[in-house]
1. Could you pull out every residue, at least 5 positions away or on a different chain, whose amide H is within less than 5 Å of the one on residue 99? Hs are placed 1.01 Å off N in the peptide plane, and Pro or chain starts have none.
2. Give, in nm to one decimal, the length gained when the segment between residue 195 and residue 53 is fully stretched (0.36 nm per residue of separation minus the Cα-Cα distance).
3. Using modelled amide H (1.01 Å from N, peptide plane; none on Pro or chain starts), what sits under 5 Å from the amide H of residue 167, excluding residues fewer than 5 places away?
4. Percent of alpha carbon pairs in region 64-166 separated by more than 20 Å?
5. Identify the chymotrypsin sites (Phe, Trp or Tyr not before Pro) of region 54-162 meeting these criteria: DSSP loop state and at most 15 other C-beta atoms within 10 Å of the C-beta.
6. Which helices count as membrane-span-like in the chain under these terms: full DSSP H, at least 30 Å along the axis by C-alpha, Kyte-Doolittle mean of -1.0 or more?
7. List the aspartates and glutamates whose Cα sits under 20 Å from the Cα of residue 213, skipping any in the same chain fewer than 8 residues away.
8. Got a sec? How would 136, 121, 11 order by Cβ neighbour count within 10 Å, fewest to most?
Amino acid sequence: IAGTVGIMFLCSGVQVNLWIKRIALTSIVWIPALYLLGNYALNPYQKARFSVFLDPFNDPQKDGFQLVNSFIGIASGGLNGRGLGNSVQKYGYLPEPQTDFIMAIISEELGFIGVAIILICLLLIIIRSFRVAQKCTDPFGSLIAIGIASLFGVQTFINVGGMSGVIPLTGVPLPFVSYGGSSLLANLLAMGILLNIASHVKRQEKQQNGLMKEKEQNGPHLVVVK
């Protein structure tokens, strides 16, 4: 949510340099606050996510068990994968593989090619969403389209990054792929709103094209002054 709001905030036309200066000036407050939050407010399992991110093989049988088995699934897939339905990690090795770690199973079964196809499809949705936002003349509709595109992009990055060990695990599902009714419902609602904005943009383009054709057909009018 913070990433989505941040991208919408930057795209809303605010003065970025001014806010960078404000954040830098207030760093004397929020940096110690983050330190205290990380040391005293976080639960042990939350702290374990950061330690696992730094070195998952330090405790491969407990805290790092899920991430290590995710690495094994990704590495064993290779280029083409083991074949659809032939994953080994989903049978008791990788806990809850159908949710946050579904991409590790896809990588094991379909390989690098299958993962690339899914990521390209998600990237196309994100790019098209930004194009809809760019063409939309209504500022409110444009910001909503930017928010939806950012939501899909941030979720994809956090899920794939956590599964591959690039960033700490957060439990964010992969849009349209991970198991979960509430997540799928939210994504479908977002797509419905985005399609509504896109249809509104197309109607506006048709109206503008129609007006341009009428002007071209009518041509210039000569006014005779007596």
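1. The list, which skips near neighbours in sequence, is 179.
2. Details: separation 142, 0.36 × 142 = 51.12 nm, distance 3.76 nm.
Between residue 195 and residue 53, full extension yields 47.4 nm more.
3. 162
4. Details: 2398 of 5253 pairs.
Here the long-distance tail beyond 20 Å is 46 percent of all Cα pairs in region 64-166.
5. Details: sites: 57, 65, 71, 91, 93, 101, 112, 130, 140, 152, 157; in loops: 91, 93, 101.
Those satisfying the criteria are 91.
6. Numbers: long enough: 102-135 (39 Å, 1.82); 139-163 (36 Å, 1.40); 181-218 (55 Å, -0.43).
Helices meeting the span and hydropathy rule in the chain are 102-135, 139-163, 181-218.
7. Straight-line reach from residue 213, under 20 Å: 205.
8. Details: 136 20, 121 12, 11 17.
Fewest to most other Cβ atoms nearby, the residues stand as 121, 11, 136.
Each value in this text was obtained by applying a stated rule to the coordinates, not by laboratory testing. Just so we're clear, the structure is a prediction, and the values are computed from it rather than from any experiment. Methodologically, a virtual Cβ is constructed for each residue, glycine included, from the backbone with ideal geometry; neighbour enumeration extends over all protein chains shown.
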